[in-house]
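What follows is one structure encoded as structure tokens, with my remarks underneath.
The values are calculated or read from the model by the stated rules, or taken from the named source; none is laboratory data. Everything numeric in this text was worked out from a predicted model, so none of it was measured. Don't worry about glycine lacking a Cβ; one is built from the backbone with ideal geometry, like all the others, and counts go over all protein chains shown. The area values use the complete protein model at the heavy-atom level, side chains included, leaving out ligands, DNA and RNA. Shrake-Rupley method; radii C 1.70, N 1.55, O 1.52, S 1.80 Å.
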Amino acid sequence: MRLEKSFEVDRPPDFASRIAARDETLLNLFASAKTAIVEREGNRRTTQTHYHALGRDGVATFHFHTLPDGRISFEKVCDGNVWQELSGTVSFAKRGSGTQVTLKMVGRTKSLVPEFAIRSPMRDQIEQMASSLRACIESADED
């Protein structure tokens, strides 16, 4: 399954990527749940998000990597019942006086989980992440 969401902000790419890489921005990507950074190592931060879905409580662990070119890559630790693998990137491209921010996710569900069953919740998730990311970038003050 591939999902992609792009939006434009009236900020330069280096500014947008710096804001996106902030701890508070990463924590806000999953605003509807309790998220914490549980580990820092070099350019990698690991988050854990406590959520309630389908009548069950769970914890989702993600590793976020800030890359030298300003992009952010991430992958989910797939230890649950749905995902075999899930990863993505956040990239920043100059567009006029602003920046196009693109959020991409690619994943494969476990064999007994049909993709059509998870596609709608994942679309909602990428929309929420993009909305949160946009709000963080647009509301940030110049350093």
- residue 55, sole failed condition from (1) within 16 Å of residue 1 (Cα to Cα); (2) open to solvent by 60 Å² or more (accessible area, probe 1.4 Å): (1)
- Among the candidates 24, 75, which residue alone is over 25 Å from residue 139 (Cβ atoms) and touching a residue at least 12 places away in the same chain (Cβ under 8 Å)? 75
- Task: For segment 24-37, enumerate the residues that are out of contact with any Cys (no Cβ under 7 Å at 6 or more places or on another chain) and within 20 Å of residue 105 (Cα to Cα).
- Result: 26, 27, 29, 30, 31, 32, 33, 35
- Item | Filter result (assigned to a helix (DSSP H, G or I), surrounded by 15 or more Cβ atoms within 10 Å (Cβ to Cβ) and under 13 Å from the mean Cα position of the chain (by Cα)) within segment 18-46 | 20, 25, 26, 27, 28
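Tally up the residues in segment 94-125 that are more than 22 Å from residue 15 (Cα to Cα) and modelled with pLDDT of 95 or more, please.
2
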- Qualifying positions in segment 78-121 - touching a Cys at 6+ places or on another chain (Cβ under 9 Å) and under 18 Å from residue 65 (Cα atoms): 85, 86, 107
- Among the residues of segment 95-102, is there at least one that is surrounded by fewer than 16 Cβ atoms within 10 Å (Cβ to Cβ), among the polar types (S, T, N, Q) and over 23 Å from residue 1 (Cα atoms)? yes
- Task: Please specify each residue of segment 64-88 satisfying the condition of being open to solvent by 20 Å² or more (accessible area, probe 1.4 Å) and assigned to a loop (DSSP other than H, G, I, E, B).
- Result: 67, 68, 69, 71, 77, 78, 79, 80, 81, 82
- Message: I need every pair where a residue in segment 115-143 that is touching a residue at least 60 places away in the same chain (Cβ under 8 Å) has its Cβ under 7 Å from the Cβ of a residue that is hydrophobic (A, V, I, L, M, F, W, C) and part of a helix (DSSP H, G or I), sequence separation at least 6 or different chains.
- Response: 133/20; 136/19; 137/16; 137/19; 137/20; 140/19
